[in-house]
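Student: A single structure is presented below for examination.
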Amino acid sequence: MNRYKLAASSLVVFAMILVLVAGSSAMGGHGDDGRHVHEVGALMVDGSLNSDLFRIHSNGNSGDMEYVGPGSDMEWLVLDISKAAFVKEGDVYDHREFTHTDGPAISLTDPGYYEIMLYVDGHLTAIGDALLRGSVIEDYEWSRTVDGESFDYSVHFEYEFTDFYRYSMDSTGRILEEGMDPAEFAVVDSTILRLSDDLRGEYLDVHGEDAPTDGQDYANYLLSFVQMVIGFPDQIAYVDGQFVKSGDGCGDLYLYGAEEYWAYPMETLYYRMGDCEDTSVLYCALLSASGYTSGMVLLPSHVLVAVALDDYVADPSGESQYHFVSVEVDGETMYVGDTAFDKYVSLGYIAKVHMVDPDSVILISPVRPYIV
């Protein structure tokens, strides 16, 4: 996280995308940006792909496009831009590239947002975008140890691709504008509320139906979910003419193709990856959905989360390994945690390399409980 980066809000973009997804008619319509879109079942296309030269089919969660115009040699170029921006080839990383398919038709089987070009007899004949709706299914499994006892958790979660897609289109240069409240990224929408409910159900199944879900242990349980389920993207940098993994690199570059990118909770869930600000945003959203007051603690090169707890009990196992941190916000004691660990480390403890003192804190941005 770089405090000096600048960016613009994407709220207007959200509205445009929602209109495009929800507002087009079953057999065609105009998005609010003036583009003509054609929708059949789960598949929606625009640009010159929407013409009499193409037949569009959709069967369940798949979609087919067939070219029926003149010509004999057809080549399709397809790029799913809802995937990570880079792929790894050995020790080197490269931009995700178009796949090539010969023949009159292509079939899209995975929910996604695609850029598509068609060459006929060597000439670019059509170009446009295709959105294929469908379900994204995730199985989350993780564990944590509390007072010497190990607990295992498993959550099956399903959501619609468009739950992610509506946030994803502003995909370059979305960074924290100076003076902007980072809590604005901790969006609690209907999908986050469903995930919050599923997480609560699993906690009660494991710890008993009378286990409290408003105290320190439940906040730690939510923290363990983010720490153990969400990975950190590879940090890559351009070195000697190629992209390689580097301690001085950037995870946002790997995922989003941008040196700095603040992700919304659904984006981090979709990729199951995120750097410190992304996982902090996700954790704050889950805390908010569960009734906690939390805050994002911005340091010069890191982002942490602080959680307000009435009765905090220190973890003896953390005293020697980590640095204990609490902060005061509006007269309320909040206990700091780090979502970027790849193991369970409870609230109140952060890596000793991250010292938190009044001079190092840029901003503590409160995230209030979500109110239905």
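Student: Looking only at the stretch 74-129, count every residue that is of a type in the set (Gly, Ala, Ser), modelled with pLDDT of 95 or more and over 21 Å from the mean Cα position of the chain (by Cα) and tell me the total.
Tutor: Residues flagged as of a type in the set (Gly, Ala, Ser), modelled with pLDDT of 95 or more and over 21 Å from the mean Cα position of the chain (by Cα) within the stretch 74-129 amount to 6.
Student: While we're here: Would you point out the residue of the stretch 290-306, among those that are among the hydrophobic types (A, V, I, L, M, F, W, C) and in contact with a Leu (Cβ under 6 Å, 6 or more places away or on another chain), that is surrounded by the fewest Cβ atoms within 10 Å (Cβ to Cβ)? Let's see the steps before the verdict.
Tutor: Going through the stretch 290-306, the residues among the hydrophobic types (A, V, I, L, M, F, W, C) turn out to be 296-299, 303-306.
This time we only want the ones that are in contact with a Leu (Cβ under 6 Å, 6 or more places away or on another chain), so: 297-298.
Numbers: Val297: 28, Leu298: 22.
The selected residue is Leu298.
Student: What number of residues in the stretch 309-344 are more than 29 Å from Glu260 (Cβ to Cβ) and hydrophobic (A, V, I, L, M, F, W, C)?
Tutor: Summing the residues that are more than 29 Å from Glu260 (Cβ to Cβ) and hydrophobic (A, V, I, L, M, F, W, C) in the stretch 309-344 gives 4.
Student: Based on this model, can you work out whether Leu287 counts as touching a residue at least 40 places away in the same chain (Cβ under 8 Å), touching a strand residue (DSSP E or B) at 6+ places or on another chain (Cβ under 9 Å), buried (at least 23 other Cβ atoms within 10 Å of the Cβ) and within 15 Å of Lys88 (Cβ to Cβ)?
Tutor: Values: touching a residue at least 40 places away in the same chain (Cβ under 8 Å): yes; touching a strand residue (DSSP E or B) at 6+ places or on another chain (Cβ under 9 Å): yes; buried (at least 23 other Cβ atoms within 10 Å of the Cβ): yes; within 15 Å of Lys88 (Cβ to Cβ): no.
Criteria not met by Leu287.
Student: Can you name every residue in the stretch 33-71 that is in contact (Cβ under 8 Å) with a residue 40 or more places away in the chain, on the phi > 0 side of the Ramachandran plot and crowded, with 16+ Cβ neighbours inside 10 Å?
Tutor: Gly47
Student: Which one of these is farther than 26 Å from Glu158 by Cβ and either polar (S, T, N, Q) or in contact (Cβ under 8 Å) with a residue 60 or more places away in the chain (or both): Ala263, Ala258, Ala237?
Tutor: On the way: Ala263 fails: farther than 26 Å from Glu158 by Cβ; Ala237 fails: either polar (S, T, N, Q) or in contact (Cβ under 8 Å) with a residue 60 or more places away in the chain (or both).
When all the criteria are applied, what remains is Ala258.
Student: Sticking with this structure for a sec: Can you tell me which residue among Asp197, Asp170 is out of contact with any strand residue (DSSP E or B) (no Cβ under 9 Å at 6 or more places or on another chain), modelled with pLDDT of 90 or more and either surrounded by 15 or more Cβ atoms within 10 Å (Cβ to Cβ) or assigned to a helix (DSSP H, G or I) (or both)? Steps first, please.
Tutor: Working: Asp170 fails: modelled with pLDDT of 90 or more.
Exactly one of Asp197, Asp170 is out of contact with any strand residue (DSSP E or B) (no Cβ under 9 Å at 6 or more places or on another chain), modelled with pLDDT of 90 or more and either surrounded by 15 or more Cβ atoms within 10 Å (Cβ to Cβ) or assigned to a helix (DSSP H, G or I) (or both), namely Asp197.
Student: Shifting gears a bit: Phe341 fails exactly one of the following numbered conditions: (1) under 28 Å from Leu253 (Cβ atoms); (2) surrounded by fewer than 19 Cβ atoms within 10 Å (Cβ to Cβ); (3) of a type in the set (Phe, Trp, Tyr). What is the number of that condition?
Tutor: That leaves (2) as the condition not met.
Student: Something else now. When the residues of the stretch 291-345 are filtered to those that are aromatic (Phe, Trp, Tyr) and assigned to a strand (DSSP E or B), which remaining residue is nearest to Ala219 (Cα to Cα)?
Tutor: Narrowing the stretch 291-345 to residues aromatic (Phe, Trp, Tyr): 292, 312, 322, 324, 335, 341, 344.
Okay, now just the ones that are also assigned to a strand (DSSP E or B), so 324, 335.
Numbers: Phe324: 17, Tyr335: 11 Å.
In this case the residue turns out to be Tyr335.
Student: Only one of Tyr238, Tyr153, Tyr159 is assigned to a strand (DSSP E or B), at pLDDT below 95 and in contact with a strand residue (DSSP E or B) (Cβ under 9 Å, 6 or more places away or on another chain). Can you tell me which?
Tutor: Values: Tyr153 fails: at pLDDT below 95; Tyr159 fails: at pLDDT below 95.
When all the criteria are applied, what remains is Tyr238.
Student: Does Gly247 meet the test of being small (Gly, Ala, Ser) and in contact (Cβ under 8 Å) with a residue 24 or more places away in the chain?
Tutor: On the way: small (Gly, Ala, Ser): yes; in contact (Cβ under 8 Å) with a residue 24 or more places away in the chain: no.
Taking the combined requirement at face value, the residue does not satisfy it.
The values are calculated or read from the model by the stated rules, or taken from the named source; none is laboratory data. Since the model is a prediction, treat every value here as computed from it, not as a measurement. When we count neighbours, we look across all protein chains shown, and the Cβ atoms used for this are built from the backbone with ideal geometry, even at glycine.
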